Every structure is written in C-alpha cells, then in structure tokens.
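The values are calculated or read from the model by the stated rules, or taken from the named source; none is laboratory data. Quantities reported herein were computed from a predicted structural model and do not represent experimental measurements. Backbone-built Cβ (ideal geometry, glycine too); neighbour counts: all protein chains shown.
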Amino acid sequence: MIANAMHGWRGASLAPRCASSARRVVLALAGGALIGSCGSALPPLPAPLDHEVGVELSGPARDRAVEDLRRAEQRPVSFVAEHVLDAYDLESGRGGRLQGALAVARPDRFRLRSIGPAGLTVLDLVYRGGAYRATTAGGREVTRGRVGRGPSPRGVPVDAIARAFLSRLEGTTVVSVRETRRARVVVLRDRERDELRVAIARRGSDVLEERSLRARRERLRLRYADHRVVRDGVRLPFRVTWTQSEPALRATIVVRRYVIEPRLPAAAFDL
C-alpha cells in the first residue's frame, strides 16, 4: 500500500452512475465509495472550537501561539500515511469504506489517492507548487489546473486541502489569536480574503481543528484526534474527521501507519 502511493495505478470508478460529477469527485477525494443503504443517520458535528469565547492574545503570548503553529507544520518534512476512510454523502445517507494513502513532501508537494476493492483507484490528486492534476473514473477523467486560475475539480477546495497538508501560514496574514477554554485559536486570512481558523492545543502544538471559510461560509473542516509520537518526538494525528460542505460529505480517516521522512521519488509528483 505504501509503495503503491508513489506509483501509477489504473482502475475503474467505484462511484454510482446516479451521483453527480461534483459529488463523485469529492467522495473520491475523501475516499468514499457510494455503497450501502440510504438514510444512514450520522451524529451532528460538535460546535467548532473557534466559536468559543476567549481572551485575545497579544505580544509574546500571541507570538508563541503562531510559532507553535509554525512548528507543527515543519516536522516531518516528508511522510506517507496509510489510512482507511469511511465516507458518507450527507444528502443521500449513502456511504462506504475505501483505503487511501497520502504522500507529502514539504514545502509544496502532496499526492492523495483513494483505493477501492481489488486495488482500483477512485481518485489520484497530485499537487505541486500551486498546480495540480486530479484523475478520477479510473483514469478516464483528468483535470489539470492551478489554484486560483484555470479549471478546477468541481466542489474540491484544492487550496484549502493544500494548506492543511503543507503550510497554513504561507501566503496568509495573522488576523487574531485568542485563547479559549480548550484551545488557542489562530485566525488567518489570505489574499482572496478567505479565512482559515486553526485551533491548537493549549499545551503543546497539536492542531485540533481547522476550518476554511469563504464569505463566512464553511467550505472544509478537519478535526484531528488521537495524536501520538511517531518518531523522534514528532506527534501526528491518527484520526481525522473531514467535513465538506459543497457537496455535503463527511469522512472519518483512521491512519494505520506513518512512514516518516521516506525517500519519495520526484516522479511521484509528476503532473
């Protein structure tokens, strides 16, 4: 599985014919093959951590919170995560399970793959330096573009995903930092005036949650849990709840294992 994350696969799409193009792409990205029955009831998400009333930080306390966020995304420089994804279309209630692999090479490259039964690839998303290639439907549908310009996979916030995997601080301005009962919340804004709100543990630098907002509407929320030391003091989350607003999707991602600082071939990120 880890090796396959770095090499090319071909396969048939596992999404049903009734799913819209946008929903197929997003479900593939999060790893959800639409199988199972309709009407599955999912528990509501808890309120975002950044909604808690807190105390505005300034001076050295503010600087430390930003530095903790910077430290959290500096190590490891590269990694591969093998995981299982349970994804649900929140409109139909249908859901299913796929396996996935994520390869990251900071500062500017990642590759995300979702794999169904018999090793068939549902989605292969490659990002490098702002440009990306999204391959779906077993290689039959390919979209190439650049964040902020040209075509993009409909419903897939590639820019928000890239920030989560690579660098939240790059290209953003710190708007505010406040401390709440459960977390320190750093609010960032990019050149397009989109907001990213990142909640960090009050003690340590574990990222607990991040939300990407456009025009004050949530596009993507990632909630991180089960942080563990993987190697040499590097702590990483083994459980992530992914919520996508358009189309409506929720996925639970459970990491089976990380490989820290692997030698990732340059060809793994070819566009």
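When Ala251, Ala199, Ala164 are checked against the criterion of being within 21 Å of Gly59 (Cα to Cα), buried (at least 16 other Cβ atoms within 10 Å of the Cβ) and in contact with a Leu (Cβ under 6 Å, 6 or more places away or on another chain), a single residue qualifies: Ala199.
Filtering Gly100, Gly116 for residues that are touching a His at 6+ places or on another chain (Cβ under 7 Å) and at pLDDT below 90 leaves a single hit, Gly100.
Could you please find all residues in the range 104-120 being over 15 Å from the mean Cα position of the chain (by Cα) and assigned to a loop (DSSP other than H, G, I, E, B)? Show your work before the answer.
Going through the range 104-120, the residues over 15 Å from the mean Cα position of the chain (by Cα) turn out to be 107, 115-120.
Scanning the range 104-120 gives Pro107, Gly116, Leu120.
Select, from Arg94, Arg64, the only residue that is of a type outside the set (S, T, N, Q), over 24 Å from Pro265 (Cβ atoms) and free of Cβ contacts under 8 Å to residues at least 60 places away in the same chain. Break it down stepwise before answering.
Details: Arg94 fails: free of Cβ contacts under 8 Å to residues at least 60 places away in the same chain.
Being of a type outside the set (S, T, N, Q), over 24 Å from Pro265 (Cβ atoms) and free of Cβ contacts under 8 Å to residues at least 60 places away in the same chain holds for just one of Arg94, Arg64, which is Arg64.
Only a single criterion out of (1) out of contact with any Lys or Arg (no Cβ under 6 Å at 6 or more places or on another chain); (2) modelled with pLDDT of 70 or more; (3) farther than 18 Å from Thr241 by Cα is not satisfied by Glu56, namely (1).
Kindly indicate which of Val187, Val177 is in contact with a strand residue (DSSP E or B) (Cβ under 8 Å, 6 or more places away or on another chain) and either of a type in the set (Gly, Ala, Ser) or surrounded by 22 or more Cβ atoms within 10 Å (Cβ to Cβ) (or both). If you could, list the steps in order and put the result at the bottom.
Details: Val187 fails: either of a type in the set (Gly, Ala, Ser) or surrounded by 22 or more Cβ atoms within 10 Å (Cβ to Cβ) (or both).
Being in contact with a strand residue (DSSP E or B) (Cβ under 8 Å, 6 or more places away or on another chain) and either of a type in the set (Gly, Ala, Ser) or surrounded by 22 or more Cβ atoms within 10 Å (Cβ to Cβ) (or both) holds for just one of Val187, Val177, which is Val177.
Answer yes if at least one residue in the range 204-211 is part of a loop (DSSP other than H, G, I, E, B), surrounded by 15 or more Cβ atoms within 10 Å (Cβ to Cβ) and either in contact with a His (Cβ under 6 Å, 6 or more places away or on another chain) or among the polar types (S, T, N, Q) (or both), and no otherwise. First the steps, then the outcome.
In the first step, residues of the range 204-211 are kept if they are part of a loop (DSSP other than H, G, I, E, B); the result is 204-206.
From what's left, surrounded by 15 or more Cβ atoms within 10 Å (Cβ to Cβ): 205-206.
Pick out the ones that are also either in contact with a His (Cβ under 6 Å, 6 or more places away or on another chain) or among the polar types (S, T, N, Q) (or both) and you get 205-206.
Yes, the range 204-211 contains at least one residue that is part of a loop (DSSP other than H, G, I, E, B), surrounded by 15 or more Cβ atoms within 10 Å (Cβ to Cβ) and either in contact with a His (Cβ under 6 Å, 6 or more places away or on another chain) or among the polar types (S, T, N, Q) (or both).
Of all the listed residues (Ala5, Ala30), the sole one being surrounded by 15 or more Cβ atoms within 10 Å (Cβ to Cβ), at pLDDT below 85 and touching an Asp or Glu at 6+ places or on another chain (Cβ under 8 Å) is Ala5.
Criterion first (at pLDDT 90 or above and either under 12 Å from Ala72 (Cα atoms) or aromatic (Phe, Trp, Tyr) (or both)) does Val198 satisfy it? Quick ask: steps written out before the conclusion?
Values: at pLDDT 90 or above: yes; either under 12 Å from Ala72 (Cα atoms) or aromatic (Phe, Trp, Tyr) (or both): yes.
Considered against the rule, which asks whether it is at pLDDT 90 or above and either under 12 Å from Ala72 (Cα atoms) or aromatic (Phe, Trp, Tyr) (or both), Val198 comes out as yes.
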